[in-house]
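Here's the structure, in structure tokens; my notes come after.
The values are calculated or read from the model by the stated rules, or taken from the named source; none is laboratory data. In this text, all values refer to a predicted model and were calculated from it rather than measured experimentally. Here the Cβ is made from the backbone with ideal geometry for all residues, glycine too, and neighbour counts use every protein chain on show. Ligands, DNA and RNA are excluded from the accessible area calculation, which covers all protein heavy atoms including side chains. Shrake-Rupley method; radii C 1.70, N 1.55, O 1.52, S 1.80 Å.
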Amino acid sequence: MSRDVRTDINLKEPRWDQGAFLGRAKHFFMLTDPRNVLLSSEALDAARTIVEDYKHGKVRPGLTEDELWRAKYIYDSAFHPDTGEKMLLVGRMSAQVPMNMTITGCMLTFYRTTPAVIFWQWANQSFNAVVNYTNRSGDAPLTVGQLGTAYASATTGAVVTALGLKSLTKHLPPLVARFVPFAAVAAANCINIPLMRQRELKFGIPVTDINGNRLGKSPKAAQQAILQVVVSRIGMAIPAMAIPPVIMNALEKRAFLKRFPLLSAPIQVGLVGLSLVFANPLCCALFPQKSSMKVSHLESELQTLIQARDPGIDVVYFNKGL
């Protein structure tokens with residue numbers, strides 16, 4: 001191994017301490033870095049080679065530890081963790097900011113007419129379906145039927161919520177109507193994520209001890225994981241869909257935007273993008289990726305199995321997902 005790189009780096013784990021919010025935030029800032037979308041296939045393959053070679057005890061001469069970690073995060077941003085396949089570009093975590101800033105910006109700009117509401121809510125849920133399919137778990141793969149059901153239900157829920165609230169806000173101040181897209185997105189997340197992960201709710205997700213030894217599957221752990229993901233997803237939407245409407249409501253009263261109304265959409269998209277650059281990683285970091293639950297809160301059958309295996313285990317761990 002090269003003297004520039006330590007030989008004991010565990011590339012299966014993040015670089016920073018995931019027990020602290022700051023460490024989780026640093027991890028997700030690297031993972032969601034939108035600049036990774038611009039990397040060529042050659043750059044992605046080079047990062048994969050560096051990571052895989054290191055795992056097998058080989059390293060390029062002169063490689064530094066910072067370069068190794070950079071390659072690891074490039075690799076993680078583009079290749080599926082279970083299958084190792086290169087993921088669809090628009091479904092990668094690094095594409096979240098550019099894709100969401102465009103769709104969310106347009107949802108917030110074109111909210112006044114019914115056709116515009118329907119189109120942009122459909123576009124948003126179509127994008128979410130691509131993201132969920134791209135990042136599907138290898139342990140509990142999605143079927144086409146499950147994906148279709150979740151997609152149709154979330155789209156219907158978002159459109160019905162948006163149109164219903166739109167009709168209720170006709171006689172309210174214009175600023176109130178600007179928050180209708182956020183309510184629709186929040187409702188869709190509450191529908192979409194549990195449906196996408198219905199298999200986990202039914203059969204459970206793998207739980208392990210602190211050393212990663214698998215102990216069984218728990219639906220209750222799945223419930224906690226999905227709740228945390230829903231909260232994180234809604235949290236991501238709050239800055240991007242709550243702050244720009246207030247700013248735009250003030251700007252549109254000014255002479256500049258009255259004179260140049262076509263600039264409204266680009267300004268709104270830019271404000272959403274600025275919000276998402278920080279909201280995405282910070283909200284992903286709200287809960288540890290490796291979540292935990294007391295054994296006493298699990299199903300009674302699983303509690304019995306764990307106690308029979310090792311009475312000293314009082315906490316189990318599981319991957320909450322994104």
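So that you can scan it fast, the table gives a plain yes or no per residue for (1) over 26 Å from THR32 (Cα atoms); (2) within 22 Å of the chain's Cα centre (by Cα):
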site: ASN249; (1), (2): yes, no
site: LYS253; (1), (2): yes, no
site: LEU257; (1), (2): yes, no
site: LEU262; (1), (2): yes, no
site: ILE267; (1), (2): no, no
site: GLY273; (1), (2): no, yes
site: LEU282; (1), (2): no, yes
site: ALA285; (1), (2): no, yes
site: GLN289; (1), (2): no, yes
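Of all residues in the stretch 313-322, those satisfying the criterion of being modelled with pLDDT of 85 or more and part of a loop (DSSP other than H, G, I, E, B) are ILE313, ASP314. Just one of the listed residues (LEU172, LEU195) is open to solvent by 40 Å² or more (accessible area, probe 1.4 Å), more than 26 Å from ILE313 (Cα to Cα), in a loop (DSSP other than H, G, I, E, B) and not basic (Lys, Arg), namely LEU172. The set of residues in the stretch 91-111 being among the aliphatic types (A, V, I, L, M), open to solvent by 20 Å² or more (accessible area, probe 1.4 Å) and out of contact with any Phe, Trp or Tyr (no Cβ under 7 Å at 6 or more places or on another chain) consists of MET93, MET101. For beta carbons closer than 6 Å, sequence separation of 6+ or different chains, a first residue in the stretch 290-318 that is among the aromatic types (Phe, Trp, Tyr) and a second that is in a helix (DSSP H, G or I) and surrounded by 14 or more Cβ atoms within 10 Å (Cβ to Cβ), the qualifying pairs are PHE318/ALA221. List the number of the failed condition for ASP53; all other conditions in (1) over 30 Å from MET101 (Cα atoms); (2) in contact with an Asp or Glu (Cβ under 6 Å, 6 or more places away or on another chain) hold. Unmet condition: (2). Taken together, TYR133, TYR111 contain a single residue that is modelled with pLDDT under 80 and under 30 Å from SER40 (Cβ atoms), which is TYR133.
The residues in the stretch 7-38 that are open to solvent by 50 Å² or more (accessible area, probe 1.4 Å) and part of a loop (DSSP other than H, G, I, E, B) can be counted, and the count is 9.
Considering the stretch 242-251 alone, what residues qualify as being crowded, with 16+ Cβ neighbours inside 10 Å and farther than 24 Å from ALA186 by Cα? Result: LEU251, single match.
LYS258 meets each of the listed conditions (1) part of a helix (DSSP H, G or I); (2) in contact with an Asp or Glu (Cβ under 9 Å, 6 or more places away or on another chain); (3) in contact (Cβ under 8 Å) with a residue 12 or more places away in the chain apart from (3).
So which residues in the stretch 284-302 are assigned to a helix (DSSP H, G or I) and open to solvent by less than 50 Å² (accessible area, probe 1.4 Å)?
Across the stretch 284-302, the qualifying residues are CYS284, VAL295, LEU302.
Do we find a residue being more than 24 Å from MET101 (Cβ to Cβ) and of a type outside the set (Phe, Trp, Tyr) anywhere in the stretch 180-194? Yes, the stretch 180-194 has at least one match. Scanning the stretch 204-228 for residues that are surrounded by fewer than 21 Cβ atoms within 10 Å (Cβ to Cβ) and assigned to a helix (DSSP H, G or I) yields PRO219, LYS220, GLN223, GLN224, ILE226, LEU227, GLN228. Which one is farthest from LEU271 (Cα to Cα) among residues in the stretch 44-103 that are in a helix (DSSP H, G or I) and of a type in the set (Phe, Trp, Tyr)? Taking the candidates together, the pick is TYR54.
Would you pick out the residues in the stretch 136-169 that are part of a loop (DSSP other than H, G, I, E, B), of a type outside the set (Gly, Ala, Ser) and either closer than 26 Å to HIS80 by Cβ or modelled with pLDDT of 75 or more (or both)?
ARG136, ASP139, PRO141, LEU142, THR143
Okay, residues lined up against (1) out of contact with any Lys or Arg (no Cβ under 7 Å at 6 or more places or on another chain); (2) under 30 Å from ALA154 (Cα atoms); (3) at pLDDT below 90:
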position: PRO61; (1), (2), (3): yes, no, yes
position: TYR73; (1), (2), (3): yes, no, no
position: SER77; (1), (2), (3): no, yes, yes
position: LEU88; (1), (2), (3): yes, yes, yes
position: VAL97; (1), (2), (3): yes, yes, yes
position: THR104; (1), (2), (3): yes, yes, yes
position: VAL117; (1), (2), (3): no, yes, yes
position: ASN124; (1), (2), (3): yes, yes, yes
